[in-house]
1. Identify, by number, the condition in (1) modelled with pLDDT under 75; (2) surrounded by 12 or more Cβ atoms within 10 Å (Cβ to Cβ) that residue 239 doesn't meet.
2. Out of the residues in the range 9-50 that are free of Cβ contacts under 8 Å to residues at least 60 places away in the same chain and part of a loop (DSSP other than H, G, I, E, B), state the one that is nearest to residue 160 (Cα to Cα).
3. Give the residues of the range 299-322 that are buried (at least 22 other Cβ atoms within 10 Å of the Cβ) and under 28 Å from residue 102 (Cβ atoms), sorted by residue number.
4. Just checking, does the range 77-84 include any residue being more than 25 Å from residue 210 (Cβ to Cβ), more than 13 Å from the chain's Cα centre (by Cα) and modelled with pLDDT under 90?
5. Looking at the structure I just gave you, is residue 105 out of contact with any helix residue (DSSP H, G or I) (no Cβ under 6 Å at 6 or more places or on another chain), in a helix (DSSP H, G or I) and over 20 Å from residue 214 (Cα atoms)?
6. Is there a residue in the range 63-80 that is out of contact with any strand residue (DSSP E or B) (no Cβ under 8 Å at 6 or more places or on another chain), farther than 20 Å from residue 290 by Cβ and either free of Cβ contacts under 8 Å to residues at least 24 places away in the same chain or not in a helix (DSSP H, G or I) (or both)?
7. Looking at (1) modelled with pLDDT of 90 or more; (2) part of a helix (DSSP H, G or I); (3) more than 20 Å from residue 140 (Cα to Cα), can you tell me which one residue 283 breaks?
8. Being over 21 Å from residue 290 (Cβ atoms) and either surrounded by fewer than 22 Cβ atoms within 10 Å (Cβ to Cβ) or touching a strand residue (DSSP E or B) at 6+ places or on another chain (Cβ under 9 Å) (or both), is that true of even one residue in the range 117-132?
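The values are calculated or read from the model by the stated rules, or taken from the named source; none is laboratory data. What you see is a predicted model; the values in this text were computed from it and never measured. Using ideal geometry, Cβ is built from the backbone for each residue, glycine included, and neighbour counts are taken over all protein chains shown.
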């Protein structure tokens, strides 16, 4: 294997991630991963011949992304679930069911491919770009699907930062109710923090805790779509004449085993075996690698294919986001939290 052919693509992905982190310190409420994706798309238009970058970009968007997901597990702690209490867990359960249930329904009605609708539902129901990036390898999503899904969730996150404090005041929500609503209905962590603290400090603190706990939903959702994705890939690629004895070997071959390492990292962290300082370093590394991967995905995206998808995926993002916002309020009202 000629490793030198990987260097150009990986180097430009590293540069994109570095620039994204630099700009994220200047541009408020926009994460480095989203900025990396945007920079990648811009370079897609500028660079005419990217043939020398192909191997490195593919390696970064696939293998480096999987490495980032494994390391992401080290920042997840199941003990966080205890901190937020049973009410927030009830609300999160219903918002997740609403995101994926209505996402599938609306996606079918709008004739959007199941991979893109799944990614939009994951980004809306869990935690924006991180959830989309984590699930995409398990269902073998196209770069254009990933790009469109992140763009859809990002746009509505920006709207929510502005609209949530206004709606919270109009509805007369308490700090607790508003924090729970924001933490379960706004997508990206930076957007949750912005929307939460613009209402009050108490609401911001509670919204942040709820959001961090909501991120844990990545674990079961990734497991579910690992099974779904493996089943579909096995069904699509299995040769009809294949002997039954080879069936399980075939499944094992296409199963995304990096997910097991991701789960293992989360368990190790939950048991307290990863020191705080080490955990912070691993988390920072994970986010930088994810920015590299998304930069590569943006640079490698087939823009024509993305444009051909039309406005329907954006409509889906709006419908799913609106559904989650409404369901969160409805469940709180039922539980007597409003």
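1. Condition (2) is where residue 239 drops out.
2. The residue in question is 27.
3. Matches in the range 299-322: 301, 313, 316, 317, 320, 321.
4. The answer is no, given that none of the residues of the range 77-84 is more than 25 Å from residue 210 (Cβ to Cβ), more than 13 Å from the chain's Cα centre (by Cα) and modelled with pLDDT under 90.
5. For residue 105, the condition - out of contact with any helix residue (DSSP H, G or I) (no Cβ under 6 Å at 6 or more places or on another chain), in a helix (DSSP H, G or I) and over 20 Å from residue 214 (Cα atoms) - is met.
6. Yes; the residues of the range 63-80 include at least one that is out of contact with any strand residue (DSSP E or B) (no Cβ under 8 Å at 6 or more places or on another chain), farther than 20 Å from residue 290 by Cβ and either free of Cβ contacts under 8 Å to residues at least 24 places away in the same chain or not in a helix (DSSP H, G or I) (or both).
7. Only one criterion in (1) modelled with pLDDT of 90 or more; (2) part of a helix (DSSP H, G or I); (3) more than 20 Å from residue 140 (Cα to Cα) is unmet by residue 283, namely (1).
8. no
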